[in-house]
Structures are given as structure tokens and as C-alpha cells.
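*Asks:* Input: one structure, supplied below.
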Amino acid sequence: ISSMSSTPSSDKTPILTLTPEEFLCKLSQKSWYLHIILVICSFSWTVNCLTVMVSAFYDHVEPNSTFIPLSQELIQDPSLSFLRELTSSSFMIGNIVGGLTIAPLSDKVGRRPILLLCSCGQALSLLILSLAPDVYSFIGLRAIHGMFYTGNGQAAWVLAFESCPVSLRASAAFVFGMSWVAGYVVLLPIVIFAPSWRYIMFLSAIPCVLFVVAVFIMNCCSFVPESLQFLVMKGRNEQSEKWTKRIVEGPMLITMEDTQSTEAASPGGQSSFQKNKKIICCILLVGGLWICDSFDYFGLSFYSTKLGGNIYVNYAVLGLIEAPAYMVTHRLLNALPRRHVMSLSLGAAGVSFMILSLLKGGSVPSIICWTIGKLAISIVYLGVYVVGSEVFPTNVRNSALGICSVISRVGGVLAPYVVTLDRMNRLYPIFVFAAVAFTGAIFACLLPEIKVEKPARKVAE
């Protein structure tokens with residue numbers, strides 16, 4: 001198969017004109033090559049989960065514990081106690097900067113180079129964080145780390161998303177979700193046995209280094225190629241031809257056209273990203289939904305150390321509950337309209353939090369309500385990536401997702417501070433979680449519905 005080849009075809013060679021998505025739909029779901037790309041890219045979320053969830057532990061200490069928290073070593077002055085929350089918020093601020101700077105580069109230079117760059121930056125910044133001499137250096141390095149976090153996760157997701165046929169997208173979300181849960185599992189023994197916050201940061205960097213090595217090897221062996229949709233959009237004909245020849249062999253010449261990019265381009269040939277009202281409206285809706293879900297997701301994770309009982313048990317329960325949530329997510333996304341899945345899940349989370357406010361803290365029913373709320377929030381946390389990737393065209397997909405991620409980090413920045421409300425009244429954080437969940441449900445109801453059956457139908461015809 002030749003893709004956009006300049007060599008004229010013979011009269012006996014049938015010509016089939018397909019978009020990249022239609023070509024991927026033509027492939028069998030059992031294509032081993034697509035699954036390799038998907039699995040390798042998904043490991044980036046294992047690394048990302050490790051690096052963001054350490055915020056719940058590096059400054060927390062149990063009674064009678066010998067663990068040395070961050071504040072004990074670097075924030076000994078009581079007047080600087082406000083910097084404790086800033087150590088976590090700086091990471092989210094770095095996410096904002098990364099979403100505005102690194103993520104858009106992926107639409108210009110490619111998904112694969114940004115994935116390699118950000119994975120290296122993430123590993124290096126974590127290693128240096130373990131050596132931070134003072135709290136100000138820690139805050140600055142944590143912000144830099146946050147920049148690479150955004151680029152790493154989004155580049156990996158978009159690369160996998162654009163390498164999957166429509167029928168595999170929900171399954172791709174499941175694979176990425178389970179990789180995220182794996183990050184929870186890997187972090188748990190680290191925080192249990194680490195004697196100080198420095199060991200937590202250093203040991204968390206080891207999986208990052210291993211991922212960098214894996215990505216570098218796969219890059220050299222071309223096991224993880226550039227996104228087919230990106231290659232077509234940029235007119236890289238020879239690379240597109242090599243991409244298709246890896247999967248299908250036959251006497252057919254396929255000429256690919258990226259109709260998404262064409263529709264998103266202005267009459268002058270330039271992207272109408274700034275002029276297209278539909279795209280801007282989608283950014284606002286997806287960004288608003290992402291703010292609400294990000295706030296509740298990270299707030300619940302950080303607040304798990306404040307629940308009654310063993311903090312490690314609470315963390316494990318709230319983390320492992322995401323596994324069945326992600327198992328359900330890909331089935332729900334295939335069976336129901338995307339926006340219905342989002343709105344109903346957020347509504348269920350809000351109701352569970354309201355019921356929680358009537359229960360005694362630390363009781364079994366309260367833990368069950370927390371679990372249900374976290375399960376529902378996790379469904380949306382994963383589903384928003386699928387919805388966000390589908391509503392934006394190829395030539396602005398990573399940029400648009402980067403902007404949505406920037407908007408969502410407002411929730412991530414505020415999430416650590418919700419823990420401080422517990423000092424005034426234990427019900428305040430619960431009411432905030434419920435109100436944010438109901439607000440997110442409203443945003444979800446306004447999302448445009450994506451019709452995913454069109455490419456498959458055209459190929460069948």
C-alpha cells in the first residue's frame with residue numbers, strides 16, 4: 001500500500017480515497033501493531049499518576065511515625081506555613097504553563113518528539129527535587145516538573161488516540177485508565193516504607209527513568225511511530241507510506257486526505273482556530289467540565305489522608321476503586337452517548353457527597369459514599385479525554401486539549417486548599433465537592449454529541 005504516493009498507479013490498481021480515521025477503521029481490531037503503540041503510550045499515565053499523587057504524602061506524617069515530612073525539614077518557621085499548600089499548587093501552576101507552551105508544540109513538531117522530551121524532563125526534575133536545598137527551590141522545581149507532566153500525558157494520549165480506529169477508542173481509554181491505577185499501586189509501597197520525603201521523590205523517579213529508557217528504545221526501533229493523522233496533516237508522504245506498509249499489504253493504492261484539517265482551515269489556508277466559534281465553544285465546555293472533575297478528583301485524592309482510619313488503606317481504596325470504574329467507562333462510552341455518561345456520573349457523585357454530609361465521619365457508610373463518589377468522578381476523569389479528543393480536529397487537537405488542560409488546572413490549583421476547610425468544619429469540603437460535581441454535570445449536558453459511526457459506514461460501503 002502506498003499512502004499519498006507521487007508514483008502514478010497502473011490501470012489495474014484500484015484507488016481508494018480514505019481519511020486517516022477511515023483507514024484505521026478498515027484495519028482489524030486485532031492488529032498487533034496498533035496494540036503495541038497503545039500499551040507503550042499508556043505507561044506514561046503510570047508515571048504521571050506517581051508524580052502527581054506524591055503530593056498527598058510527602059508532607060503528611062502519622063502520629064508516632066519516624067517519617068520526616070517536607071515541612072519538618074524545609075518549613076521550620078511557623079510564619080512560612082502557608083508554603084505547605086503552595087508546594088502542591090505550584091505543580092498545578094506548572095501544568096498551566098506547560099499546557100500553554102509545550103502542548104501546542106506537539107501540533108507543530110509531532111507527538112513523538114514531545115513525548116520523548118517531556119518524559120526525560122519529568123524524570124530529571126524528580127531526581128533533582130529529591131535534592132532540593134530549601135522550600136523555594138522545591139516549589140520552583142515542582143512547577144517545572146508540572147510543565148513536563150502536562151506534555152507527557154497529553155502527547156502520549158493523543159498519539160495513541162490518533163493511532164486507534166474509532167471502535168478502539170473507548171478501549172484505549174480503559175488501557176490508559178488501568179495504567180493510571182498501576183501508578184497508584186506502585187506508589188503505595190514507596191510511601192509506606194520511605195523514611196523521608198526525599199526518598200519518596202527519588203524512588204518515584206525510578207519508574208520515570210525506566211519509561212524514558214523504554215520510549216528511547218522504542219523510538220530507535222520505530223515501534224512507536226508518529227501519529228498517522230499528524231503525518232497526513234503535515235503532508236509527510238513518505239512517512240505516511242511507511243506507516244501504512246507496517247500494517248497492511250496488498251495491491252491497493254490508498255490516497256489519504258485529512259478532512260478534519262480541511263474543515264478547520266480558513267479560506268486563506270491558515271488554521272481558523274482563533275476564528276472558529278464552534279471550536280472555541282467546545283474549549284469552554286470541555287474546559288469547564290475538566291475544571292470541575294479535576295477539582296473533585298485531586299481534592300478527593302488529597303483529602304483521603306484526612307478521612308478516619310488508616311491513611312494508606314483509604315488511599316488504596318480510593319485508588320483501586322478506579323479499576324472497576326475504568327472497566328465500566330469504556331463499556332458505557334460504547335453503549336451510551338458521551339455527554340449522558342458524563343452528566344449522570346457527575347450527578348451521582350454530587351448525590352453521594354450530599355448523603356455523606358448526613359453520615360458520621362469515619363464510619364463504614366461514609367467510606368462507601370466516598371468510594372461511590374470517587375468511582376463516578378473517575379469515570380468522568382477518563383471520559384473527558386475521549387470527548388475532548390473527538391470534538392477537536394487533528395491540526396489543533398493537542399493545542400485545544402492543552403488549553404482545556406490549562407483551564408482545568410484552576411481546579412487542580414484550588415484542590416489542595418479544600419483540605420484546609422476541614423479545620424473549620426468537616427462538612428465544608430463535602431459541600432464544596434458536591435457543588436462542583438453538580439456544576440460539572442451542567443457542563444456535560446451542554447457538550448456536543450459525537451457521531452462515531454460515520455467512518456466505519458463509509459469504509460463498509
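The values are calculated or read from the model by the stated rules, or taken from the named source; none is laboratory data. What you see is a predicted model, and the numbers here were worked out from it, not measured in a lab. So basically every Cβ, Gly included, is an ideal-geometry build from the backbone, and we count neighbours across all protein chains shown. Quick note on the areas: whole protein, heavy atoms, side chains included, nothing else; ligands and nucleic acids left out. Shrake-Rupley method; radii C 1.70, N 1.55, O 1.52, S 1.80 Å.
*Asks:* Hey, among V341, V380, V351, which residue is open to solvent by 20 Å² or more (accessible area, probe 1.4 Å), out of contact with any Phe, Trp or Tyr (no Cβ under 6 Å at 6 or more places or on another chain), modelled with pLDDT of 85 or more and more than 15 Å from N314 (Cβ to Cβ)?
*Replies:* V351
*Asks:* Acidic (D, E), open to solvent by 10 Å² or more (accessible area, probe 1.4 Å) and either part of a helix (DSSP H, G or I) or at pLDDT 75 or above (or both) - does that describe any residue in the range 426-449?
*Replies:* no
Table: residues versus (1) closer than 27 Å to S171 by Cα; (2) among the aromatic types (F, W, Y); (3) in contact with a Cys (Cβ under 8 Å, 6 or more places away or on another chain).
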| position | (1), (2), (3) |
| --- | --- |
| L320 | yes, no, no |
| Y326 | yes, yes, no |
| S343 | yes, no, yes |
| A348 | yes, no, no |
| L359 | no, no, yes |
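*Asks:* S163 - would you say it is touching a residue at least 60 places away in the same chain (Cβ under 8 Å), within 26 Å of N334 (Cβ to Cβ), not in a helix (DSSP H, G or I) and not charged (D, E, K, R)?
*Replies:* yes
*Asks:* Please find, among S171, S196, S227, S240, the residue that is small (G, A, S), farther than 26 Å from T101 by Cα and in contact with an Asp or Glu (Cβ under 8 Å, 6 or more places away or on another chain).
*Replies:* Of the residues listed, the single one that is small (G, A, S), farther than 26 Å from T101 by Cα and in contact with an Asp or Glu (Cβ under 8 Å, 6 or more places away or on another chain) is S196.
*Asks:* While we're on this one: Quick one: how many residues across the range 181-202 are open to solvent by 60 Å² or more (accessible area, probe 1.4 Å), in a helix (DSSP H, G or I) and either more than 24 Å from A325 (Cα to Cα) or touching a His at 6+ places or on another chain (Cβ under 8 Å) (or both)?
*Replies:* Residues in the range 181-202 being open to solvent by 60 Å² or more (accessible area, probe 1.4 Å), in a helix (DSSP H, G or I) and either more than 24 Å from A325 (Cα to Cα) or touching a His at 6+ places or on another chain (Cβ under 8 Å) (or both): 4 in total.
*Asks:* How about the range 68-127: which of its residues are modelled with pLDDT of 85 or more, under 30 Å from S240 (Cβ atoms) and either in a loop (DSSP other than H, G, I, E, B) or open to solvent by 70 Å² or more (accessible area, probe 1.4 Å) (or both)?
*Replies:* Of everything in the range 68-127, just one residue is modelled with pLDDT of 85 or more, under 30 Å from S240 (Cβ atoms) and either in a loop (DSSP other than H, G, I, E, B) or open to solvent by 70 Å² or more (accessible area, probe 1.4 Å) (or both), namely L117.
*Asks:* For the list (1) part of a helix (DSSP H, G or I); (2) farther than 14 Å from Y149 by Cα; (3) modelled with pLDDT of 80 or more, I need the number of the one condition that Y58 fails.
*Replies:* Going through (1) part of a helix (DSSP H, G or I); (2) farther than 14 Å from Y149 by Cα; (3) modelled with pLDDT of 80 or more one by one, Y58 breaks only (1).
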